[in-house]
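Visitor: The structure that follows is given in the form of structure tokens.
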Amino acid sequence: MEILKQRILREGRILPGDILKVDSFLNHQIDTALMNEIGREFHRLFADEKITKILTIEASGITVAYATAQYFNNCPVLFAKKGAAANMGPDVYHAPVHSYTHNQDVEVFVSRSYLNDSDRVLIIDDFLANGKALSALVSVVREAGAQLAGCGVIVEKAYQPGGKLIRDQGIRLESLAKIASMDPESGITFEE
């Protein structure tokens, strides 16, 4: 998605620890027009999949999942919560996940009331690096007996193992911007 790549090149900053900071438009302050275009693009890519539910993980995935859902007949957006919430009750799906950005292990939870074997799920997230968050969401979808249509991510760090991990499971993965390399001195390059 060329508009996204140009925005990353113009405003993205590479931080220590191999972090790409794009919080001026993606995951702190949100450019709603760009997010709308991202949602439209995910719909174009998955339009034939008969999606009934979009699943993401809190917090940065919620905005893109919401933007995407409007193009799938406003289907429900379900987000996995990081940590057990007192109002969820015990009837939940759960999976462990390691957060690359926060460098911590958490458990994610999804209420069984909102995901079941009649659902056809599209998983959406903002970043893919090592694949731990997507793997946790895939695990939740499988535990629910739902059908997984695929995964869509805004930015994939293609030089890290996450994309291969997901694709090697036979899961359809669509990334709007695939970063081939990233270095503070030489900048960012994209896969074509």
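Visitor: Going by how many other Cβ atoms sit within 10 Å of their own, how do His98, His43, His28 line up, fewest first? Mind showing how you got there, number by number?
Guide: Values: His98 15, His43 19, His28 10.
Fewest-to-most ranking of His98, His43, His28: His28, His98, His43.
Visitor: Show me the GluC sites (Glu not before Pro) within the range 1-63 that DSSP assigns to loop and that have at most 15 other Cβ atoms within 10 Å of their Cβ.
Guide: Working: sites: Glu2, Glu11, Glu37, Glu41, Glu49, Glu58; in loops: Glu58.
Here the GluC sites (Glu not before Pro) that fit, given the DSSP loop and packing criteria, are Glu58.
Visitor: In units of 2.2 N^0.38 Å, what is the alpha-carbon radius of gyration of the chain? Don't jump to the answer; show the numbers that get you there.
Guide: On the way: Rg = 15.9 Å, N = 192, 2.2 N^0.38 = 16.2 Å.
In units of the globular-protein estimate, the chain measures up at 0.98.
Visitor: List nothing, just return the count: lysine pairs in the chain, 8 or more apart or interchain, with Cα separation under 22 Å.
Guide: Eligible lysine pairs with Cα atoms under 22 Å apart amount to 18.
Visitor: Could you pull out the trypsin sites (Lys or Arg not before Pro) across the range 1-63 that fall in loop regions by DSSP (anything but H, G, I, E, B) with no more than 14 other Cβ atoms inside 10 Å?
Guide: Details: sites: Lys5, Arg7, Arg10, Arg13, Lys21, Arg40, Arg44, Lys50, Lys53; in loops: Lys50.
In loop regions of the range 1-63 (DSSP not H, G, I, E or B), the sparsely surrounded trypsin sites (Lys or Arg not before Pro) are Lys50.
Visitor: So if I place +1 on the C-beta of Lys and Arg and -1 on the C-beta of Asp and Glu, and nothing else carries charge, what would the dipole magnitude of the range 2-182 be about its Cα centre? I want it in debye, nearest 20. Before the final figure, lay out the partial values.
Guide: Details: 20 positive and 21 negative charges, 48 e Å.
About 240 debye.
Visitor: What value, in deg cm²/dmol to 500, does the helix sum -39500 (n - 2.57) over DSSP H runs of n ≥ 4 give at 222 nm once divided by the residues of the chain? It would help to have the intermediate numbers written out before the result.
Guide: Values: 5 runs with 54 residues, N = 192.
Helix-only estimate at 222 nm: -8500 deg cm²/dmol.
Visitor: Normalised by the empirical 2.2 N^0.38 Å for globular proteins, what value does the Cα Rg of the range 4-64 take? Don't skip to the end; give the middle numbers.
Guide: Working: Rg = 13.4 Å, N = 61, 2.2 N^0.38 = 10.5 Å.
Ratio of Rg to 2.2 N^0.38 Å for the range 4-64: 1.28.
Visitor: For the range 2-182, what relative contact order do you get, as a whole percent, if you take Cα pairs closer than 8 Å and at least 6 residues apart? Display every interim value, and only then the final one.
Guide: On the way: 339 pairs, mean separation 32.6, N = 181.
It comes to 18 percent, rounded to a whole number.
Visitor: Can you check how the C-alpha radius of gyration of the range 113-192 compares to 2.2 N^0.38 Å, as a plain ratio?
Guide: 1.21
Rule-based calculations on the coordinates, nothing more; no lab input. Worth saying up front: this structure is predicted, and the values here are computed from it rather than measured. Quick reminder, even Gly has a Cβ in these numbers, built from the backbone with ideal geometry, and neighbours come from all protein chains shown.
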